[in-house]
Amino acid sequence: MSQHLKFYIDGAWVDPMVPALLDVEDPSKEEPFATIAIGSKGDVDRAVAAAKVAFPSFSVTEPAERLALLRRILDAYNARFDDIADAVSREMGAPLHFARDSQAAAGRAHLEATIAAMEQFSFSELRGSTMIVREAIGVCALITPWNWPLNQIVCKVAPAIAAGCTMVLKPSEIAPISGLIFAEVMEAAGTPKGVFNLVNGRGPDVGQVMASHPDVDMVSFTGSTRAGVIVAKVAADTVKRVAQELGGKSANIILADADLESAVREGVEACFGNSGQSCDAPTRMLVPAEWHDEALHIAREAAESLAVGNPRDPDTDLGPVVSLTQFNKIQQLIEMGIEEGALLVAGGPGRPEGLTRGYYVRPTVFGHVSPDMTIAREEIFGPVLSIIPYQTEEEAIAIANDTVYGLAAYIQSNDINHARRVASRMRAGSVYLNYPAWDTAAPFGGYKQSGNGREYADWGIHDFLEVKGIVGWQGTPASE
């Protein structure tokens with residue numbers, strides 16, 4: 001039975017306190033496919049109260065008990081895997097194979113990584129005569145985005161469970177159906193009541209209320225830098241911990257000793273994956289000036305080889321972007337790139353040929369981009385790549401770091417030692433050498449305005465813990 005019109009609070013599906021509805025749009029058709037209930041302050045208060053009541057008992061459960069819960073959640077997740085993938089495909093417009101193999105698979109991978117980390121995790125250690133204890137921080141507000149819904153839900157919920165925290169989750173109201181299915185997963189796994197709660201709603205009405213709530217001890221937020229600043233400000237009055245993973249404008253430096261053909265082609269694919277809607281996408285490709293024209297030729301061919309269309313077609317590479325708002329923003333930035341003098345190499349304004357309905361964007365490549373252009377500085381969040389020529393390696397490093405963001409950087413070289421040296425100079429939380437496989441055990445988070453804190457595996461568990469020093473643990477008992 002669909003729970004779209006309810007919230008999951010204190011182990012039960014409940015009606016919102018103030019009835020309000022919101023349509024969920026299928027961006028491939030520009031029409032609603034579901035309707036959800038959206039909440040208000042009263043719903044947040046009820047969910048936070050349930051989490052607060054559950055915290056004292058859940059926080060002192062044995063790690064083995066929480067590990068067993070995580071394993072049950074993984075089993076329940078796998079049982080609903082196809083439902084989750086289908087929901088992501090509908091709410092985001094993601095090609096169904098991508099929704100399965102990347103989107104839904106990311107949630108599974110984070111559960112597996114957290115379980116593996118939990119099996120080795122130590123919550124206490126003796127240092128001299130002092131016992132260092134790591135304890136659950138408390139009630140956590142988890143606010144997640146629409147672009148990688150299961151990735152971000154699970155890489156917050158799983159470590160929070162591992163740490164012994166209780167929580168209230170607000171998925172994005174743009175892509176909420178997969179989050180509701182995840183709540184059903186948590187219920188099926190036998191999560192103790194009040195430990196996990198879900199309230200749907202808009203940012204100002206639910207997210208900000210959660211972040212400012214006096215009984216919330218921590219906020220973990222993923223989204224835009226603009227929204228992250230708002231969350232941090234409203235959280236500041238209660239001096240709670242705020243962990244954030246925000247925007248990015250990641251550079252991809254193709255060094256002079258790289259294989260240009262494969263480096264450019266794979267760079268285009270990495271930039272355009274998920275229809276360009278990834279915060280760590282390599283959207284600025286830096287190439288030696290003498291290779292610039294050849295790089296444009298390779299990038300054009302790579303972009304034009306991508307099939308854009310119906311998410312249900314197995315031959316589709318890229319679906320639509322998520323909403324009309326996102327579509328319009330991308331169109332404006334493409335037009336701005338042309339106006340500011342960048343060379344349009346592939347794609348451009350408007351929908352791809354033959355597509356008159358749906359928020360489809362033409363895979364777009366710009367050449368002769370200078371670092372001061374808007375398309376080289378603003379996060380576009382669509383399938384748009386800027387290729388920037390550089391004269392020297394020092395210039396490339398300077399351009400790569402000349403951004404308010406610092407989420408990721410990419411280095412391509414046939415000399416791994418050369419790539420490592422350049423990586424050491426990147427001001428970014430993650431640096432990827434030669435397009436490696438995704439590593440769920442690597443820390444994920446950003447420098448500068450890309451956020452603070454780190455997610456994934458044991459790194460995520462640490463974010464949900466307080467550290468206590470019990471001094472004199474090994475001391476001599478007082479004489480009677």
* Asked: Helix 63-79 sits at what angle to the longest principal axis of the chain, using alpha carbons and giving 0 to 90 degrees rounded to 10?
  -> 50
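How big is the charge dipole of the chain about its Cα centre, in debye rounded to the nearest 20, if each Lys and Arg gets +1 on its Cβ and each Asp and Glu gets -1 on its Cβ?
1280
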* To do: Excluding residues on the same chain fewer than 8 positions from Lys329, give the lysines whose Cα lies under 21 Å from its Cα.
  => Lys29, Lys249
* To do: Name the residues whose placed amide hydrogens come within less than 5 Å of the amide hydrogen of Arg241, ignoring near sequence neighbours (fewer than 5 apart) on the same chain.
  => Val219
* So for the chain, taking the charge dipole from beta-carbon charges (+1 Lys/Arg, -1 Asp/Glu), which of Ser59, Gln332, Gly228 sits furthest toward the positive end? -> Ser59
* Asked: Counting Lys +1, Arg +1, Asp -1, Glu -1, what net charge surrounds Tyr390 among other residues with beta carbon under 12 Å of its beta carbon?
  -> -4
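Please state the shape class of the chain: rounded when a/c is under 1.5, otherwise prolate if a/b exceeds b/c and oblate if not, all from the C-alpha gyration tensor.
In terms of gyration-tensor shape, oblate.
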* Asked: Computed FRET efficiency, Cβ-Cβ of Asp415 and Ser224, R0 35 Å: what is it to the nearest 0.05?
  -> 0.40
* **Karplus 3J(HN,Hα) series, Hz, for the range 178-195 with 6.51 cos²θ - 1.76 cosθ + 1.60 (x for Gly, Pro)** => 5, x, 5, 5, 4, 4, 5, 4, 4, 5, 4, 7, x, 4, x, 4, x, 6
* Work out from phi, with θ = phi - 60° and the Karplus expression 6.51 cos²θ - 1.76 cosθ + 1.60, the ³J(HN,Hα) of each residue of the range 41-54, listed in order in whole Hz, and give x for Gly and Pro. => 4, x, 5, 5, 4, 5, 5, 5, 4, 5, 5, 5, 5, 6
* Net charge near His297, counting Lys/Arg +1 and Asp/Glu -1 over other residues with Cβ under 12 Å of its Cβ? -> -3
* Structure fact -> If Cys271, Cys165 are placed from fewest to most neighbouring beta carbons inside 10 Å, the sequence is Cys271, Cys165
* **Loop sites in the range 284-340: GluC sites (Glu not before Pro), DSSP, at most 15 other Cβ within 10 Å** => Glu340
* Sparse-neighbour loop sites [GluC sites (Glu not before Pro); the range 349-402; at most 13 other C-beta within 10 Å; DSSP] -> Glu353
* **Antiparallel content of DSSP bridges confined to the chain, in %, to 5** => 40
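Counting DSSP beta bridges with both partners in the range 251-433, what percentage is antiparallel, nearest 5? The partial results should precede the final answer.
Numbers: 3 of 23 bridges.
Looking only at bridges with both residues in the range 251-433, the antiparallel portion is about 15 percent.
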* Mind listing which trypsin sites (Lys or Arg not before Pro) in the range 374-480 are in a DSSP loop and have 11 or fewer other Cβ atoms within 10 Å? -> none
* Which of the aspartates and glutamates could a cross-linker span from Lys41 if the Cα-Cα distance has to be under 18 Å and same-chain partners fewer than 8 positions apart are dropped? -> Asp10, Asp15, Glu173, Asp205, Asp215, Asp217, Asp237
* Please compute the net charge surrounding Val154, taking Lys and Arg as +1 and Asp and Glu as -1 over other residues with Cβ under 13 Å from its Cβ. => +1
* Based on other C-beta atoms within 10 Å, arrange Met17, Met167 from fewest to most. => Met17, Met167
* Packing-based exposure ordering (other Cβ within 10 Å, fewest first) of Met186, Met210, Met373, Met336 -> Met336, Met373, Met186, Met210
* **Alpha carbon centroid spacing (whole Å) that separates the range 118-132 from the range 228-289** => 35
* To do: May I ask what percent, to the nearest 5, of DSSP beta bridges between residues of the range 112-223 are antiparallel?
  => 25
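Every number in this text was worked out from the coordinates using simple rules, so none of it is lab data. Values in this document were obtained by computation on a predicted structure and should not be read as measured data. Note that we place each Cβ from the backbone using ideal geometry, even for glycine, and neighbour counts take in every protein chain shown.
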